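Scroll down for the structure; my scribbles are underneath it.
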Amino acid sequence: MRHHARNEHADERTPAVWTGRATNRFQWVAAAAGAACVALGIALAVESAWTSGIAPLLMAVIGCVAAGLLVLFGTLAFVHVAVKVDDSAMEVRCGHIGVPRRRILLSHVVGADFEPSVTPRHWGGWGYRWRPEKGTAVVVRRGEGLILRLGDGLTFTVTVDDAESAVRVIRDRLRDMAPPAPPAPTGRPV
């Protein structure tokens, strides 16, 4: 009698669409600092006596507002990430308005791996990152993530809760997309 290894996930049905997300609540602190900087710029413009001249005051107001908006929108874009895997692609959307967004066709994916510990240090910080020798990453927090191995030899990494489940779904999709193997020769002449 043959012994067959049982797949522990064989009884689970692969969902038609898998969704997951990850959140970094610390980014709200940076967003609040950006909002405070914008408020300081507005307060300078409204309440200043304008005694030091218009050029220095204008530079201070514009500097505070610009820096504040940059920090505010830069951090709000990476407060959370949403990942969706369907039959044809994986889509990653960042922040509340979903920008930046990346859609990777599964036909361009060679494999998927689970990574239990992705840290911002691996990629040079939080956010949307690119490293020429590694590929691209969306890192909103430290912790588990999924790594797609792409056909061009690079990777796409994203931190997301329940990344192991996402990897399983992607692998199932890739297996379903694989072309059927040619029939084995029977040894009989045709």
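Values quoted throughout were computed directly from the atomic coordinates according to the rules given, and no laboratory measurement underlies them. None of these values were measured; they are calculated from a predicted model. Note that each Cβ is placed from the backbone with ideal geometry, even for glycine, and that neighbours are counted across all protein chains shown.
Quick one: which of 69-75, 79-85, 26-32 comes out on top by average Cβ neighbours within 10 Å, and what's the full order, highest first?
Descending packing order for the listed peptides: 79-85, 69-75, 26-32.
With the Cα gyration tensor of the chain giving a ≥ b ≥ c as the square roots of its eigenvalues, does the rule (a/c under 1.5 for rounded; else a/b larger than b/c for prolate; else oblate) give rounded, prolate or oblate? Show your work: numbers first, answer last.
On the way: a/c = 3.87, a/b = 3.07, b/c = 1.26.
Verdict is prolate for the chain.
Say a paramagnetic label sat at a point 7 Å from the Cα of residue 87, along Cα to Cβ; which residues of the range 100-125 have their backbone N under 17 Å from it?
Residues passing the 17 Å test: 105-108.
Suppose R0 equals 25 Å. What FRET efficiency, 1/(1 + (r/R0)^6) with r the Cβ-Cβ distance, do residue 54 and residue 96 give to the nearest 0.05?
On the way: r = 37 Å, r/R0 = 1.47.
Computed FRET efficiency for residue 54 and residue 96 comes out at 0.10.
Give me the net charge for the shell around residue 122: Cβ to Cβ below 10 angstrom, other residues only, Lys and Arg +1, Asp and Glu -1.
Combined, the nearby Lys, Arg, Asp and Glu give +4.
Between the range 18-65 and the range 138-170, how far is it from one alpha carbon centroid to the other, in angstrom?
34
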